[in-house]
Amino acid sequence: MKHKILKITYFCMLVACGLGQNTAIAQQKNESDQYRPAFHFTPKSHWMNDPNGMVYLNGKYHLFYQHNPNSSVWGPMHWGHATSTDLDHWDHQPIALYPDSLGTIFSGSAVVDVNNTAGFGKNALVAIFTHHNHKIEEAKTGLHQYQSIAYSIDEGKTWTKYEGNPVLPNPGIWDFRDPKVMWHTQSKKWIMTLATKDRITFYSSPNLKNWTKESEFGEKSGAHGGVWECPDLFPLSVNGIQKWVLLVSINPGGPAGGSGTQYFVGDFKEGIFSADHTDIRWLDYGADNYAGVTWSNTGNRKIFMGWMNNWTYANQIPEQGFRGATTIARELQLKKVGNEVYLSAAPVKEFNLILDKAAQLKYSAAKTDYDLSTKVTSFKGKYQLELTTAQKQSFSLRLTNDNGDELVLGYDAKNNTFYTDRTKSGQVDFEKSFPRVTTAPRISKDNHIQLKLILDVTSAEVFADNGLTVMTNTFFAHSPLTQLHIKSTKPLLIQNLKYAGIKSL
């Protein structure tokens, strides 16, 4: 009887949500898309937050995401779904996972079960996610979050929830969520990396159904300004030596206030993670990159995508018809600086597919003002700019429009920091902390500055020194930022500068 009730409930929700989504899309056509990004992923309509279940199979990248199909604010969570063959162009798919009698569908991951360990079929896609039961939460028992699985044998088109859910019951921890699962070759087991309040707990399983606790990490490590969320664990090599990287999102307590993602570099042996460093390190120092994880089943490449928003104001940003976007896809690599190993992030090579042919400028004399407005005006607020300076000297990029909106980013040599200032960038009064300046330490020891800016209508993603320092910030200018000046108080020599428009998708 329990399964019949569950199926009837699921069908009713399917019909109701489907009607709601169609109505939402129709309404969207009558609303302003002024702030919809040109080339970042967004839902067709309504709310999105964390990327979920990111997995690659047979030439397709699957992106699932936290989605409320009936409102543009956070609400009952579903897994939205989109696919891509190039990480640029995304095809919207039907909602993959709906709430059921066990709860709404919170964040999680997906894997390709190559060896059919779960018995659902060879190469079945298996989603591992958190069920969040609001009724139990209201009772304040602390058992409202638990881990469940679903599987697909048609490459993600349809999904079946496992009848034995939950596969990992809650042991009495209030925050017990966001499972990121991978196959661990050395132990020949699945490893689940789970956020458990103020630390990470690792579990292992031979079949994705039966889980055993292995260890904990983080109670006295890293930043603890808020609850730990959306972890990820994966290996990367640097100079031929394999290391392990642990990503942990935190809210609040991020480097720019509100949400942020820290990382640890270390080793993972016999179910135990140990970090090589004691300092706090951030994947992105901007205000708007949260809950990001990497794609499964991509071999040695580790491709990351985050939610381009911040919980401080996520429900209030002035987008209409939809709310929320992802960062562009980024490839993560380890790089050695002195005796330390850092995690870098840079746009994936596939991003070049949507760039127009780049123009290159070389300068032989130093200036205090490089006026590039005539070069970028036609791009209407969406372009890529790359520059390399001849020396380590302060400079700023000032992006403006005829409305007087101004976004400023640059390098401060005195403090050896990069920064983004959006205090005068347009609509900033919808939440008191939004008009902020974000800063990031310079990690590179080079004597010249290398900086790449990717601008898209409402976002500025800055990759400095080949991705050693990254800042992602959103803004809401009244019209596209079509004017650009590079300024410095003392003459600055830019050795090389390239710019290119970016295609709308």
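For region 2-340, build the charge dipole from Cβ charges (+1 Lys, Arg; -1 Asp, Glu) around the Cα centre, then report which of LEU246, ALA110, TYR65 sits farthest towards its positive end.
The listed residue farthest towards the positive side: ALA110.
From the residues ASN401, LEU334, THR212, which one has its Cα farthest along the dipole of the chain in the positive direction, the dipole being from +1 and -1 charges on Cβ of Lys/Arg and Asp/Glu about the Cα centre?
The one lying farthest along the dipole's positive direction is LEU334.
Thinking of the chain as a set of Cα atoms, what percent of all their pairs are more than 36 Å apart? Mind showing how you got there, number by number?
Working: 37462 of 127260 pairs.
For the chain, the share of Cα pairs beyond 36 Å comes to 29 percent.
Pulled fully out, how much extra length does the chain show between ILE272 and LYS367, if you take 0.36 nm times their separation in residues and subtract their Cα-Cα distance? All intermediate terms of the calculation are to be shown ahead of the outcome.
Details: separation 95, 0.36 × 95 = 34.20 nm, distance 5.37 nm.
That works out to 28.8 nm of additional length.
Output the peptides 319-329, 127-137, 432-442 sorted from most to least packed, where packing is the average of other Cβ atoms within 10 Å over each peptide's residues.
Values: 319-329: 23.5, 127-137: 20.5, 432-442: 17.5.
Per-residue Cβ counts within 10 Å, averaged per peptide and sorted highest first, yield 319-329, 127-137, 432-442.
Would you mind working out the magnitude of the charge dipole of region 355-501 relative to its Cα centre, with +1 at each Lys and Arg C-beta and -1 at each Asp and Glu C-beta, to the nearest 20 Debye? All intermediate terms of the calculation are to be shown ahead of the outcome.
Working: 19 positive and 15 negative charges, 86 e Å.
The calculated dipole for region 355-501 is roughly 420 debye.
Send over the Kirkwood Rh of region 243-330, from the inverse of the averaged 1/r over different Cα pairs, rounded to one decimal Å. If you can, show how the numbers build up before the last one.
On the way: mean 1/r = 0.0698 Å⁻¹.
About 14.3 Å, per the Kirkwood formula over Cα pairs.
I want to make sure I understand the PRE zone here: with the label point 7 angstrom from the Cα of SER237 toward its beta carbon, which residues in region 284-299 have backbone N atoms less than 18 Å away?
Within reach of a label on SER237, which here means backbone N under 18 Å from a point 7 Å along Cα→Cβ, region 284-299 contributes 297-299.
Roughly how many Å is it from the Cα centre of region 50-96 to that of region 189-215, as a whole number?
Here the answer is 24 Å between Cα centres.
Considering amide H positions built from the backbone, and no H for Pro or chain starts, which residues 5 or more places from SER215, or on another chain, come under 5 Å of its amide H?
HN-HN under 5 Å from SER215: PHE202.
Quick one: which of 264-272, 470-478 comes out on top by average Cβ neighbours within 10 Å, and what's the full order, highest first?
Answer by packing, highest mean first, reads 470-478, 264-272.
Sequence-distant or interchain residues sharing an amide H contact under 5 Å with LEU57, placed H: which?
Answer set, sorted by chain and number: HIS62.
What number, in nm² with one decimal, is the all-direction average of the projected area of the convex hull of the alpha-carbon atoms of region 355-501? Intermediate results must be reported in sequence, preceding the final value.
Details: hull surface 33.3 nm².
Reported value for the Cα convex hull: 8.3 nm².
Would you mind computing, in nm to one decimal, how far apart the modelled labels at ASN115 and SER378 are, each placed 7 Å from Cα along Cα→Cβ?
5.7
Provide the net charge surrounding TYR151, with neighbours chosen by a C-beta distance below 14 Å and charges set as Lys +1, Arg +1, Asp -1, Glu -1.
The answer is 0.
Give the residue list of trypsin sites (Lys or Arg not before Pro) in region 189-247 that are DSSP loop and have at most 10 other beta-carbon atoms within 10 angstrom.
Numbers: sites: LYS189, LYS197, ARG199, LYS209, LYS213, LYS220, LYS243; in loops: LYS197, LYS209, LYS220.
Passing both the DSSP loop test and the Cβ count: LYS220.
Sorted from largest to smallest, which semi-axis lengths in Å does the alpha carbon gyration tensor of region 179-334 give for its equivalent ellipsoid, taking the root of 5 times each eigenvalue? Don't skip to the answer; put the middle values down first.
On the way: eigenvalues 140, 57, 52 Å².
For region 179-334, the ellipsoid semi-axes come out as 26, 17, 16 Å.
Please say if region 32-165 is rounded, prolate or oblate, where rounded means a/c under 1.5 for a ≥ b ≥ c the square roots of the C-alpha gyration tensor eigenvalues, and otherwise the choice is prolate for a/b larger than b/c and oblate otherwise?
On the way: a/c = 2.50, a/b = 1.06, b/c = 2.36.
It comes out oblate by the Cα gyration axes.
Once amide H atoms are built 1.01 Å from N in the peptide plane, which residues 5 or more positions from SER101, or in another chain, come under 5 Å H to H?
Long-range HN contacts for SER101: none found.
What angle, in degrees between 0 and 90 and rounded to the nearest 10, separates the Cα long axis of helix 2-28 from the longest principal axis of the Cα atoms of the chain?
Helix 2-28 and the main axis of the chain meet at about 30 degrees.
Given an 8 Å cut-off on Cα distances and at least 6 residues of separation, report the relative contact order of the chain as a percent. Walk me through the intermediate numbers first.
Details: 1377 pairs, mean separation 66.7, N = 505.
It rounds to 13 percent for the chain.
To the nearest 20 debye, what is the magnitude of the charge dipole of the chain about its Cα centre, counting +1 on the Cβ of each Lys and Arg and -1 on the Cβ of each Asp and Glu?
On the way: 51 positive and 46 negative charges, 117 e Å.
My answer is approximately 560 debye.
I want to check the label-to-label distance for ASP279 and THR388. Put each point 7 Å from Cα in the C-beta direction and report it in nm to one decimal.
Computed distance between label sites ASP279 and THR388 equals 2.6 nm.
Using only alpha carbon positions, build the gyration tensor of region 166-271, then give the equivalent ellipsoid semi-axes as the square roots of 5 times its eigenvalues, largest first, whole angstrom. Before the final figure, lay out the partial values.
Numbers: eigenvalues 100, 77, 19 Å².
Working from the Cα gyration tensor, I get semi-axes of 22, 20, 10 Å.
Can you tell which of PRO480, SER344, GLY75 lies farthest toward the positive end of the dipole of the chain, using +1 and -1 charges on the Cβ of basic and acidic side chains (Lys, Arg; Asp, Glu)?
SER344
Would you mind checking the pairs LYS335/LYS487; LYS269/LYS452; LYS375/LYS503; LYS432/LYS498; LYS135/LYS213 and listing those with alpha carbons more than 25 angstrom apart?
On the way: LYS335/LYS487 30 Å; LYS269/LYS452 37 Å; LYS375/LYS503 16 Å; LYS432/LYS498 36 Å; LYS135/LYS213 27 Å.
Distance filter (> 25 Å) returns LYS335/LYS487; LYS269/LYS452; LYS432/LYS498; LYS135/LYS213.
What relative contact order, as a whole-number percentage, does region 355-501 give when Cα pairs under 8 Å and 6 or more residues apart are counted? Write out the running numbers ahead of the final one.
Numbers: 361 pairs, mean separation 63.5, N = 147.
This gives 43 percent for region 355-501.
No value in this document is a laboratory result; all are computed from the given coordinates. Keep in mind the model is a prediction, meaning the values are calculated, not measured. Every residue, glycine among them, receives a Cβ derived from its backbone with ideal geometry; neighbour counts consider all protein chains shown.
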